[in-house]
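The values are calculated or read from the model by the stated rules, or taken from the named source; none is laboratory data. Treat the numbers as computed from the prediction; the structure is a model and nothing was measured. We place every Cβ from the backbone using ideal geometry, glycine too, and count neighbours over all the protein chains shown. Note: accessible area is taken over every heavy atom of the protein model, side chains too, but ligands, DNA and RNA are not part of it. Shrake-Rupley method; radii C 1.70, N 1.55, O 1.52, S 1.80 Å.
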Amino acid sequence: MDENPESVSGAAADTGSGLDRRAELSEFLRTRRARLKPEDVGMPDFGRHRRVPGLRREELAQLAGVSVAYYTRLEQGNGRNVSAEVLDAIARALRLSDAEHAHLTHLAKPKQHKKKQIARSEQVRPALRQLLDSIDGVPAYISGRRSDILAWNRMAAALFGDWSELPVQERNWARLVFLRPEYRELFVEWDQKAYDMVSYLRMDAGCHSDDPRLSALVGELSLKSEEFRRLWATHDVKEKTYGVKRLRHPLVGELTLNFESFRVGDGTEQALITYHAEPGSPSAEALRLLASWGADATKAGSGSGAGTSGA
């Protein structure tokens, strides 16, 4: 339903110089080490005063089978010439999840991105737009880099608000979640939504630390939202997959919806996200009601629904 082929990325000002990858690597390793205790990894804790939370560097190096000096250089952000085997050993020692392991690899051994690729606007293929329009009764949208909202169908507008009323640069999930009060009301478990949002951005930052627009987005949110600053400092990462979201819609009340995220297999980093209700449930009936209202659903509610006001 969006019908501006320009993405949020293309409309944003190309400001900033990207994130400091060495600092990101250093802080990520430090925070992962801090969450482990000796007893978590089968090491003795002799009760000595520990100046830092979690494992010491020498304990982590011992678990990973590398020298203390080598690990120290890595944790200081010097990932040059580190092998995949060493990263695997450190990931195992730190008990990283698959997403965290991938994030560590991106930070330590970054892929080279052409500046033109980073600056280029994201485009949604016409066939994908047609697919969105053909999905009846199920809210669906296409997300891109930096949590940009690129295209959506009629049901997504009914559920989340008509994003076409927002300036292009405001069609971004991170900005909506942290900077617009109506979305704090929309998500019943807003704290979890906020955590997930920051964790997704962290994954993006690991893959594209040289992206100035991502750096500018992080800088803006850090200045404007204390919650964002706190969550960003945790360095937690997460992939978009599937789950359950509870929403509080101004017209139909609470809904419990299952969401699924599907990667678009065309070389982009876009994803198709859908929301559906259990058949025969009150939430399914609520979606049917929203379908009858279309994009005007939020306006028919309390008058302060998601997406009803401009920036």
Subject >> Heavy-atom surface of the stretch 178-239, accessible at 1.4 Å and reported per residue (Å²) >> reply: 39
Original post:
Roughly what would the spin-label model give for Ala84 and Phe259, points 7 Å off Cα along C-beta, in nm?
Top reply: 3.2
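I'd like to check one number: the per residue accessible area of the stretch 126-175, probe 1.4 Å, reported in Å² as a whole number.
Working: 1470 Å² over 50 residues.
It amounts to 29 Å² per residue over the stretch 126-175.
First compute the accessible area of the stretch 141-244 with a 1.4 Å probe, then give the percent of it belonging to carbon and sulfur atoms.
Details: 1710 of 3430 Å².
With neighbouring chains kept in place, the figure for the stretch 141-244 is 50 percent.
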**OP:** May I ask you to order 122-134, 143-155 by the average number of other C-beta atoms within 10 Å around their residues, highest value first?
**Re:** 143-155, 122-134
Subject >> Of Ala102, Val198, Asn78, farthest towards positive along the dipole that unit charges on Lys, Arg, Asp, Glu beta carbons give the stretch 75-200 >> reply: Asn78
